[in-house]
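For reference, the structure is listed below as structure tokens.
The values are calculated or read from the model by the stated rules, or taken from the named source; none is laboratory data. The structure displayed is predicted, hence computed values, not measured ones. Here the Cβ positions follow ideal geometry from the backbone for every residue, glycine too, while neighbour counts run over all protein chains shown.
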Amino acid sequence: MTIFSPRSLTEALQVLDEHPTARLLAGGTDTMVEINFRHFEPTDIISLRHVQELQVFETLSAGYRLGSAIPYKQFENGSFSHVSGALSEASRTVGSPQIRATGTIGGNLGTCSPAGDTLPVLSALDAQIELSSVKGIRMLSIHDFMLGVKRNARVSNEIITAIHIPKINGFQGYAKVGVRNAMVISIASACLIHNTDKSHISLALGAVGPTIIRCRTAEKWLTENADLSTSTALTTKVIEEFGRLAASEALPITDHRSTAEYRKHAVGVLAQRLLKRAMK
Amino acid sequence: MYSLRVNGTQQHVKDAWIGESLLYVLRERLGFMGSKGACEQGECGSCTVLINNDAVCSCLVMAASAIDTDIITVEGLAPAESPNDIQQAFVTEGAVQCGFCTPGLIVAVHHLLETNSSPTEIEVKEALSGNICRCTGYGRIFSAVQLVISQREKSIS
Ligand SMILES: Cc1cc2nc3c(=O)[nH]c(=O)nc-3n(C[C@H](O)[C@H](O)[C@H](O)COP(=O)(O)OP(=O)(O)OC[C@H]3O[C@@H](n4cnc5c(N)ncnc54)[C@H](O)[C@@H]3O)c2cc1C
Ligand code: FES
Ligand code: FES
């Protein structure tokens, strides 16, 4: 077993190409738990700590390019908290200050847990995932990137180099249900984005299916039944129906954290709350 | 072999397995017994150290990946036998019972006050939300933090 500590992206991609079975290590908050408990025996490790390119943040014409290894604390209340209100709220719910100082969105995508807190946000924002290899760059929609429980579309010689998100005018919110405020893995979560320029509301659910669920039916129904060009309050009937449709799109399971029934109920409530916050 | 900069001094780590956590290497290979290990999964904060001025769980850092960083452990905050104001305040306020959580909390409080010298009560609670104490019920820990804040404010004015 060897650890590589490349000093540039070019070097990292080269090393990965030569060692395609190597485990990439960003913040290590998922990987080290696996190693400490011997759930995973690494062969080779490529540490991304010293790859500066992955820490770069850029403002683009229509949005932002977020380096994949920027830690959560920068989105929570640090330099980049302005890029997306929902991403900032989601980041703030991750683990504890210690976890947020090291954990990264790249790692959240790499693990691709259905409970990953930034994933509903990236889904609702229609984020684009930038994957790099020695051959070049490929852009993949977040919807094509996430394949299932802890499965994603990255191939072994690729590094997630950045996440591209649009700049949105309008409300953005993230809500999560867990047993307490700090250090909880989500039982159910939802992200709602109101794009006032496009008169559209998008909704994505976390922890209620094999991967993040985008509520296309609820979204379509809302577009047809409400005026979303401004943020004028909606009737209770509309809000309730939106919540009901969202809950019906969830595919939760029962596990040690909660029951399928409760999860379904919870995402319906979260969807309604977020819609109320968006339209007032 | 690799080497780590711990409390300002370069330390050589020999014969280590690459997958070892920084917590393990600090305690078992380098003899820094201050940082404690309780959960080894980032939940308790008793292993908190500073890496490049960030408070992190050393159990979740692969030691060999921490080359070329500045690692500060609780031992690096004050010399043995001469507690700093945070450590003294924990003693004064009775914020230490079994003491297992204390080193991690001292590092977390140090980090908080370095970044925010006059935190509100809720900011203190949030900053320490990654550190679990099974004994004190936290009241005395928060009192100790308030004591440090007020002492430091007095010494400035
Ligand atoms: C105590 C604790 C609490 C937690 N709480 C939460 C929580 O509330 N919400 C939540 O969502 N998660 C939580 N997590 C899980 C974890 O912190 C997150 O998933 C985090 O985003 C992982 O990022 P990382 O950089 O630390 O990942 P790593 O452990 O470094 O990597 C995780 C996976 O992603 C891959 N990877 C990392 N970077 C890249 C890249 N650039 N390109 C390709 N693959 C990559 C790695 O190879 C690995 O498979 C918690 C973890 C702990 C230990
Ligand atoms: S031992 Fe590291 S957080 Fe508990
Ligand atoms: S004093 Fe015992 S765990 Fe805190």
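Summary table below
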quantity	calculated
Members of the stretch B:80-112 that are part of a loop (DSSP other than H, G, I, E, B), within 15 Å of ligand 3 (Cβ to nearest atom) and either within 15 Å of B:SER143 (Cβ to Cβ) or more than 14 Å from every other protein chain (Cβ to nearest Cβ) (or both)	B:GLU93, B:GLY94, B:ALA95, B:VAL96, B:GLN97, B:CYS98, B:GLY99, B:PHE100
The stretch A:17-51: number of residues that are of a type in the set (Ser, Thr, Tyr), part of a loop (DSSP other than H, G, I, E, B) and within 12 Å of another protein chain (Cβ to nearest Cβ)	2
Qualifying position, being modelled with pLDDT of 95 or more, within 16 Å of ligand 1 (Cβ to nearest atom) and closer than 29 Å to B:LEU30 by Cβ, among B:ILE86, B:ILE132	B:ILE132
Among residues of the stretch B:52-78, those that are more than 7 Å from chain A (Cβ to nearest Cβ) and part of a helix (DSSP H, G or I), counted	6
Those residues of the stretch A:178-213 which are in a strand (DSSP E or B) and surrounded by fewer than 19 Cβ atoms within 10 Å (Cβ to Cβ), in sequence order	A:HIS200
Among (1) buried (at least 20 other Cβ atoms within 10 Å of the Cβ); (2) not in a helix (DSSP H, G or I), the one test that A:LEU222 misses	(2)
Selection count, the stretch A:110-136, where residues are within 7 Å of ligand 1 (Cβ to nearest atom), more than 22 Å from B:SER129 (Cα to Cα) and not polar (S, T, N, Q)	1
Some residue of the stretch A:7-16 being within 7 Å of chain B (Cβ to nearest Cβ) and without any contact (Cβ under 8 Å) to a residue 40 or more places away in the chain	no
Counted residues, the stretch B:1-35 - those being away from every other protein chain (no Cβ under 13 Å), more than 22 Å from A:ARG23 (Cα to Cα), in contact with a Lys or Arg (Cβ under 9 Å, 6 or more places away or on another chain) and part of a loop (DSSP other than H, G, I, E, B)	3
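This table checks each residue for (1) assigned to a strand (DSSP E or B); (2) more than 14 Å from chain B (Cβ to nearest Cβ); (3) over 14 Å from the mean Cα position of the chain (by Cα).
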{"position": "A:GLU53", "(1), (2), (3)": "no, yes, yes"}
{"position": "A:SER61", "(1), (2), (3)": "no, yes, yes"}
{"position": "A:GLY78", "(1), (2), (3)": "no, no, yes"}
{"position": "A:SER81", "(1), (2), (3)": "no, yes, yes"}
{"position": "A:SER88", "(1), (2), (3)": "no, yes, no"}
{"position": "A:GLY95", "(1), (2), (3)": "no, no, yes"}
{"position": "A:ASP117", "(1), (2), (3)": "no, yes, no"}
